[in-house]
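Engineer: Below are the structure tokens for one structure; questions will follow.
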Amino acid sequence: MRFLRQSLTGLFLLSLTLGLMAYAGQMVFSAVDERLNAEPRMPERRERIFAVNVAEAKLETIRPVLTAFGEVQSRRELELRARSGGTLVELSEAFEEGGQVKAGQLLARVDPADAQSALDRAESDLLDAQFEIGEADRGLILAQDELAAAMEQAELRQNAFQRQIDLEARGVGTTATVETAELAAAQARQTVLNARQAVAQAEARVNQAATRLARSRIALAEAQRRLAETEIKAGFSGTLADVSVVEGRLVSANEQLGRLIDPDALEVAFRISTAQYARLLDEAGQLIAAPVGVTMDAFGLELTTDAVISRDSAAVGDGQTGRLLFARMSRPGGMKPGDFVTVRIEEPALAEVVRLPSSALGADGTVLTVDAEDRLDALPVTLLRRQGDDILVRGEGLEGQRVVTDRSPLLGKGIKVRLLNEDRTEVNAAPSDTAMLELSEDRRARLIAYVESDAEMSPDDKSSLLDELTKAQVPAQTVQRLERRIGG
């Protein structure tokens with residue numbers, strides 16, 4: 001009985017298991033069949049919208065600024081050389097590196113002993129020549145007087161000879177008397193010839209004395225010049241550089257002792273490309289006198305001054321390209337010859353151009369604009385100038401368009417965008433160079449402490465920076481540069 005009950009129970013459980021497995025198989029089959037026969041469900045796709053920054057294109061008249069780099073040099077420079085050799089017996093206190101001298105100031109003197117002796121000898125020779133002139137003049141006068149006396153005596157002798165001839169013709173005189181008178185007349189004429197020769201010799205002596213006097217004067221002038229060459233004087237007012245002598249040194253002729261530089265006559269030489277040079281020519285092909293801004297960065301302090309283009313180089317140097325230009329500076333502004341500076345030249349104005357960030361221009365020469373449906377469109381433009389991080393362009397239909405300022409490879413024609421700065425119409429406004437800041441006491445003290453502790457900064461630069469930092473308002477550029485150097 002027990003066996004029968006257990007067998008029935010096992011049979012029931014087996015039937016139940018087979019039923020459940022059949023039911024599960026039916027469910028799997030139904031699910032697969034329903035999946036295969038059901039229509040596929042497509043998920044709803046949403047258009048991707050990109051966020052962009054835009055700027056409104058406004059037509060303006062802009063004067064482009066050409067940026068270049070150059071070197072400050074002096075337009076007026078003089079090499080100080082010893083014109084005669086010898087020992088330096090005297091040096092001016094101002095004859096030193098950086099010494100300020102005036103025009104005509106005595107800077108150095110070479111031992112003048114030999115030159116002074118030569119001058120004394122030349123003066124003595126001049127006195128001898130002057131005395132010789134007097135003696136020659138007196139000798140000429142005496143020779144002329146002797147000639148006059150000889151001529152008178154010859155005339156008397158000739159008259160006596162003529163009377164003897166008359167007496168002989170009347171039978172009163174004798175032939176011997178006539179011959180004696182004729183001989184006396186001939187001797188008188190010979191005396192006249194001797195006197196004339198003496199006059200000629202006296203005149204020759206006068207001429208020789210005059211020539212000797214002229215030579216003596218030339219020798220005296222040369223001796224004076226050689227004595228003056230022992231003195232080295234400043235040709236103009238300026239500053240001394242490259243001084244390499246001391247008192248007592250033996251110098252040779254034409255040896256360079258230093259250089260004299262005019263600190264007020266400075267110019268900057270800079271090189272630009274040929275295309276940039278062509279933009280600085282007028283209709284006649286002449287270089288325009290364009291205004292130039294010269295800037296030198298001196299440890300966070302910018303030294304600036306104005307200049308005007310004065311000329312360009314006559315030829316392109318070997319291995320060089322472009323054009324070398326020179327701009328005459330109106331005032332030094334703390335700059336010295338040899339300083340490396342930044343030059344900004346104002347070109348002729350460009351009318352009806354649009355200023356945009358350089359990132360707005362694509363490689364294909366187009367910019368992306370946003371239409372009324374907030375979709376992008378490509379607009380071709382002409383690039384006229386690059387101004388730092390900005391560009392100046394022209395394009396048909398560009399005025400008033402909303403231009404994408406930050407272009408990326410993901411953006412293209414027809415893409416829908418969302419404007420981040422729709423209300424901003426100008427993204428290219430450059431910060432003012434004259435912006436001023438009011439500093440807090442802690443910030444001011446931090447900057448002053450940094451300037452005072454900087455060992456590499458010159459005393460002049462420190463003084464200028466401290467003067468600016470102690471004022472109520474400080475230039476923003478100065479604060480920015482100092483904090484960049486500090487690391488704040």
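The values are calculated or read from the model by the stated rules, or taken from the named source; none is laboratory data. None of these values were measured; they are calculated from a predicted model. Cβ placement follows ideal geometry from the backbone for every residue including glycine, while neighbour counts extend to all protein chains displayed.
Engineer: Could you please let me know if R76 is surrounded by 14 or more Cβ atoms within 10 Å (Cβ to Cβ), at pLDDT 80 or above and among the charged types (D, E, K, R)? Step through it out loud before you land on a result.
Structural biologist: Values: surrounded by 14 or more Cβ atoms within 10 Å (Cβ to Cβ): yes; at pLDDT 80 or above: yes; among the charged types (D, E, K, R): yes.
For R76, the condition - surrounded by 14 or more Cβ atoms within 10 Å (Cβ to Cβ), at pLDDT 80 or above and among the charged types (D, E, K, R) - is met.
Engineer: Which residues, counting only those in region 244-295, are surrounded by fewer than 17 Cβ atoms within 10 Å (Cβ to Cβ) and aliphatic (A, V, I, L, M)?
Structural biologist: V246, L250, A253, A265, A269, A275, A278, L281, A284, L287, I288, A289, listed by residue number.
Per-residue answers, yes or no, for (1) within 20 Å of R75 (Cβ to Cβ); (2) touching a helix residue (DSSP H, G or I) at 6+ places or on another chain (Cβ under 7 Å); (3) in the same structural domain as E396 (by TED's automatic domain parsing):
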position	(1), (2), (3)
Q286	no, no, no
V294	yes, no, no
T304	yes, no, no
R323	yes, yes, no
G334	yes, no, no
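Engineer: Related question: Among (1) surrounded by 10 or more Cβ atoms within 10 Å (Cβ to Cβ); (2) at pLDDT 85 or above, which single condition is T61 missing?
Structural biologist: (1)
Engineer: Looking at T425, is it at pLDDT below 75 and exposed (fewer than 12 other Cβ atoms within 10 Å of the Cβ)? I'd like the intermediate steps shown before the answer.
Structural biologist: Numbers: at pLDDT below 75: yes; exposed (fewer than 12 other Cβ atoms within 10 Å of the Cβ): no.
No; evaluated as a whole, the condition is false for this residue.
Engineer: Run down F12, F29, F69 and say which single residue is surrounded by fewer than 16 Cβ atoms within 10 Å (Cβ to Cβ), assigned to a strand (DSSP E or B) and of a type in the set (A, V, I, L, M, F, W, C). Working first, answer last.
Structural biologist: Details: F12 fails: assigned to a strand (DSSP E or B); F29 fails: assigned to a strand (DSSP E or B).
Of the residues listed, the single one that is surrounded by fewer than 16 Cβ atoms within 10 Å (Cβ to Cβ), assigned to a strand (DSSP E or B) and of a type in the set (A, V, I, L, M, F, W, C) is F69.
Engineer: If a residue has to be at negative phi and surrounded by fewer than 20 Cβ atoms within 10 Å (Cβ to Cβ) to count, how many in region 402-416 make the cut? Please lay out each step first, then the result.
Structural biologist: At the first step, the residues of region 402-416 found to be at negative phi are 402-413, 415-416.
Filter again for surrounded by fewer than 20 Cβ atoms within 10 Å (Cβ to Cβ), leaving 406, 408-413, 415-416.
Here the count works out to 9.
Engineer: What are the pairs with Cβ atoms under 7 angstrom where one residue, in region 458-485, is at pLDDT 85 or above and the other, located anywhere, is part of a loop (DSSP other than H, G, I, E, B)? Sequence gap at least six, or different chains.
Structural biologist: Once the first residue is at pLDDT 85 or above and sits in region 458-485, no partner that is part of a loop (DSSP other than H, G, I, E, B) comes close enough.
Engineer: Counting only residues that are closer than 30 Å to S237 by Cα and modelled with pLDDT of 90 or more, give me the strands (runs of 3 or more DSSP E) lying completely in region 264-383 with at least 1 of them.
Structural biologist: On the way: elements: 266-272, 291-298, 301-312, 323-329, 340-346, 350-357, 366-370, 376-380.
Once the strands (runs of 3 or more DSSP E) in region 264-383 are filtered for at least 1 residues that are closer than 30 Å to S237 by Cα and modelled with pLDDT of 90 or more, what remains is 266-272, 291-298, 301-312, 323-329, 340-346.
Engineer: Considering only residues that are closer than 19 Å to R385 by Cα and touching a strand residue (DSSP E or B) at 6+ places or on another chain (Cβ under 6 Å), which ones fall in region 324-352?
Structural biologist: Narrowing region 324-352 to residues closer than 19 Å to R385 by Cα: 342-352.
Matches in region 324-352: T342, V343, R344, I345, E346, E347, A349, L350, A351.
Engineer: Taking the residues in region 211-243 that are among the hydroxyl-bearing types (S, T, Y) and in contact with a strand residue (DSSP E or B) (Cβ under 8 Å, 6 or more places away or on another chain) as candidates, determine which candidate is surrounded by the most Cβ atoms within 10 Å (Cβ to Cβ). Working first, answer last.
Structural biologist: Step one: of region 211-243, the residues among the hydroxyl-bearing types (S, T, Y) are 211, 216, 230, 237, 239.
Cutting the leftovers down to in contact with a strand residue (DSSP E or B) (Cβ under 8 Å, 6 or more places away or on another chain) gives us 230, 237, 239.
Numbers: T230: 22, S237: 15, T239: 19.
Result: T230.
Engineer: Same structure, new question: I'd like to check something: does region 126-141 contain any residue that is outside the structural domain of N254 (by TED's automatic domain parsing) and under 53 Å from the mean Cα position of the chain (by Cα)? Let's see the steps before the verdict.
Structural biologist: At the first step, the residues of region 126-141 found to be outside the structural domain of N254 (by TED's automatic domain parsing) are 126-141.
Checking which are under 53 Å from the mean Cα position of the chain (by Cα) leaves us with 126.
Checked against the condition, which is being outside the structural domain of N254 (by TED's automatic domain parsing) and under 53 Å from the mean Cα position of the chain (by Cα), region 126-141 yields at least one hit.
Engineer: Sort out which residues of region 85-102 are of a type in the set (A, V, I, L, M, F, W, C) and within 24 Å of the chain's Cα centre (by Cα), and write them in order of number.
Structural biologist: Of all residues in region 85-102, those of a type in the set (A, V, I, L, M, F, W, C) come to 88-89, 91, 94-95, 101.
Once the filter is applied, which keeps residues that are of a type in the set (A, V, I, L, M, F, W, C) and within 24 Å of the chain's Cα centre (by Cα), region 85-102 yields only V101.
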